[in-house]
Amino acid sequence: MTEHPVVIAGGGPTGLMLAGELALAGVDVAIVERRAGQVLDGSRAGGLHSRSIEVLDQRGIADRFLSQGQVTQVGSFSGIPLHISDFPTRHNYGLALWQNRFEEILAAWVGELEVPIYRGRDVTGFAQDSTGVDIQLSDGVSLRAEYLAGCDGGRSLVRKEAGIEFPGWEPSISTLIAEVEMSEEPEFGIRRDDKGVHALGPLDDGARVRVVVREEDLGQTGEPTLRDLSEVLVAVRGTDYGLRSATWISRFTDMTRQAASYREGRVLLAGDAAHVHYPVGGQGLNIGLQDAVNLGWKLAQVVNETSPETLLDTYHAERHPVAARVLQNTMAQTALTRSDDRTDALRNTMSELLSMDEPRKRFAAMVSGLDVHYELGEGHPLVGRRTPDLDLVTADGPVRVFTLLHDARPVLLNLGEPGGIDIAPWADRIQLVDAEYVGAWELPVVGVVTAPTAVLIRPDGHVAWVGDGTDPGLREALTTWFGPPTTA
Ligand SMILES: Cc1cc2nc3c(=O)[nH]c(=O)nc-3n(C[C@H](O)[C@H](O)[C@H](O)COP(=O)(O)OP(=O)(O)OC[C@H]3O[C@@H](n4cnc5c(N)ncnc54)[C@H](O)[C@@H]3O)c2cc1C
């Protein structure tokens with residue numbers, strides 16, 4: 001039986017990112033992916049929010065995506081624009097980039113890291129025991145792993161087979177999405193009426209149209225057809241604009257659910273496998289990517305035996321609340337997509353509110369993922385939040401904080417007396433960098449914070465500890481996050 005310490009079911013955005021993170025940490029990881037190639041049937045997600053661009057920047061690959069998409073203000077709350085151009089981040093914008101292109105670029109990076117992908121086959125079942133997991137594939141092959149990560153999307157087989165509950169809310173609306181050819185030029189743009197929001201827009205090839213239209217019948221479960229689409233278009237627009245063929249038709253709903261636990265023994269869930277919601281606000285792919293970046297280094301440390309298994313419990317503790325909040329905000333945004341007099345009044349009220357600076361900043365930070373704050377204890381406001389990407393000066397020259405994270409290794413930034421911190425028992429795991437920084441430390445929404453003397457930054461870019469080198473809390477933080485000290 002072929003063995004890999006970690007097997008990932010599903011090579012979509014989440015599975016690919018997790019594989020990259022594990023490979024960077026030296027873990028032999030493999031992906032099992034149903035699709036024969038990376039190509040997606042349709043374009044799906046439309047882009048990235050600021051925090052996702054930052055996360056890619058932390059690995060030195062943001063430019064690959066930025067060069068292929070359109071930098072723009074993508075944030076919105078149910079269509080009400082939320083700009084972040086005044087936010088203290090190098091990436092004070094989002095990126096319009098279709099998911100199929102996004103996946104191709106991410107897969108190329110994972111390919112460079114030499115992660116094997118078992119393509120064109122499914123994970124069909126698994127059995128876990130005290131030392132590992134036996135994983136069955138649809139071609140009859142079995143794999144053995146220490147851990148199985150379910151990144152296999154909203155209908156996750158891994159989640160179901162692990163017996164993890166998926167509580168939430170049944171759909172209240174259903175939407176058809178398609179890429180089609182039409183003989184007449186339709187009226188492009190977003191229209192909002194008592195049937196909800198429907199949008200038609202030209203695709204990049206100039207020949208096809210992307211249609212997103214709400215259907216009346218909530219009970220449809222089969223694959224939608226051209227005829228279904230035609231009927232729905234006629235119902236909402238009075239014509240199907242000479243609809244003649246489709247390269248992709250799909251259906252999505254606002255079913256909103258979240259896995260009760262992100263871990264069951266040696267099985268972990270991330271991305272849509274762990275949470276599904278209506279795509280309003282464009283957050284699903286983004287939080288999946290960020291789940292992967294939270295989980296990757298932790299799982300690597302457990303597999304590499306530098307940290308105990310309990311470190312994995314912090315993954316659920318930190319990421320479950322983030323998705324729970326996204327579920328709440330998407331349900332609120334979905335309610336606002338209706339268009340009747342009362343909803344319009346509420347929408348106008350929200351628009352007015354979000355035109356004010358403070359509410360706009362709070363909501364924009366939420367949707368862009370820049371406000372994520374893990375509960376890592378009291379103390380300096382940086383603790384639990386993402387580190388800003390500051391321009392540092394070191395003895396070797398200038399360097400950005402995110403550049404120090406490219407290898408996905410933790411960093412202890414000493415901004416005090418050079419040589420004033422000794423972490424010899426962790427020297428094999430942590431980069432100790434003496435640096436100077438003269439500007440302000442400013443966080444989205446929070447504002448300017450006291451300049452720290454030293455900062456311990458996890459590989460996911462979140463701050464684990466702030467203090468000075470004599471603080472006994474440093475030893476504790478190092479042990480909690482990066483394992484016990486090495487004894488000589
Ligand atoms: C119309 C629409 C628009 C959207 N717009 C946005 C947006 O603008 N921004 C945003 O952030 N999100 C958006 N989303 C959501 C986004 O597409 C998803 O959140 C994202 O794809 C989740 O990534 P994932 O890797 O977790 O899951 P998936 O993308 O579903 O990937 C799962 C992978 O697992 C594979 N797989 C499944 N089962 C198995 C199995 N048993 N064995 C092996 N492989 C398996 C699948 O082939 C797939 O490749 C949108 C979604 C829709 C439908």
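Using the Cβ-Cβ distance between residue 3 and residue 475 with R0 = 41 Å, the FRET efficiency computed as 1/(1 + (r/R0)^6) comes to roughly 0.70. Label zone of residue 112 (point 7 Å out along Cα→Cβ, amide N under 20 Å): in the stretch 1-32 this covers 12-31. Counting only DSSP H runs of at least 4 residues, each contributing -39500 (n - 2.57), and dividing by the residue count of the chain, the helix-based mean residue ellipticity at 222 nm comes to -9000 deg cm²/dmol. By DSSP, the beta bridges lying fully in the stretch 348-472 are antiparallel in about 80 percent of cases. Using the Cβ-Cβ distance between residue 349 and residue 449 with R0 = 25 Å, the FRET efficiency computed as 1/(1 + (r/R0)^6) comes to roughly 0.15. Between residue 138 and residue 393, the modelled labels are 5.9 nm apart [label points 7 Å from Cα along Cα→Cβ]. Annotation for the stretch 383-456 versus the stretch 76-133: alpha-carbon center distance of 27 Å. Computed from backbone phi, the HN-Hα couplings of the stretch 418-430 come to x, x, x, 10, 10, 10, 3, x, 10, 4, 6, 10, 10 Hz, rounded to whole numbers (Karplus: 6.51 cos²θ - 1.76 cosθ + 1.60, θ = phi - 60°; Gly and Pro given as x). Under 5 Å between amide hydrogens, built in the peptide plane, is the criterion, and for residue 124 it picks out 136, 137, 138 among residues at least 5 positions away or on other chains.
Summarising the amide proton neighbourhood of residue 243: residues at separation of 5 or more, or on other chains, whose placed amide H is nearer than 5 Å comprise 183.
Amide H contacts of residue 174 (H built 1.01 Å from N, in plane; Pro and chain starts excluded): 215 sit under 5 Å, all sequence-distant by 5 or more or on other chains.
Counting only protein heavy atoms and a 1.4 Å probe, the stretch 1-154 has 36 square angstrom of accessible area per residue.
Taking θ as phi - 60° and the Karplus parameters 6.51, -1.76 and 1.60, the scalar couplings of the stretch 314-323 work out to 5, 5, 4, 4, 8, 8, 4, x, 5, 5 Hz in sequence order, x denoting glycine and proline. When DSSP beta bridges are restricted to pairs lying wholly in the chain, around 75% turn out antiparallel. Element breakdown for the stretch 1-83 at a 1.4 angstrom probe: carbon and sulfur atoms account for 47% of the accessible area.
Derived scalar couplings between HN and Hα for the stretch 399-414 equal 8, 8, 4, 5, 4, 5, 9, 3, 8, 6, 10, x, 10, 10, 8, 9 Hz in order, rounded to whole Hz, by the Karplus curve 6.51 cos²θ - 1.76 cosθ + 1.60 (θ = phi - 60°), x for Gly and Pro.
Our estimate of slack between residue 39 and residue 190, defined as 0.36 nm per intervening residue step minus the Cα-Cα distance, is 51.6 nm.
Approximating the spin labels as points 7 Å out from Cα along Cα→Cβ, the residue 424-to-residue 121 distance works out to 5.1 nm. With only the Cα atoms considered, the chain has a convex hull volume of 151 Å³ per residue.
So what is the orientation-averaged projected area of the stretch 397-488, using the convex hull of its C-alpha atoms, in nm²?
6.5
The values are calculated or read from the model by the stated rules, or taken from the named source; none is laboratory data. On a predicted model such as this, the values are computed, not experimentally measured, just so you know. Positions of Cβ are generated from backbone atoms using ideal geometry, with glycine treated the same way; all protein chains shown enter the neighbour counts. For the accessible areas, the whole protein counts, side chains as well, though only heavy atoms, and no ligand, DNA or RNA atoms are used. Shrake-Rupley method; radii C 1.70, N 1.55, O 1.52, S 1.80 Å.
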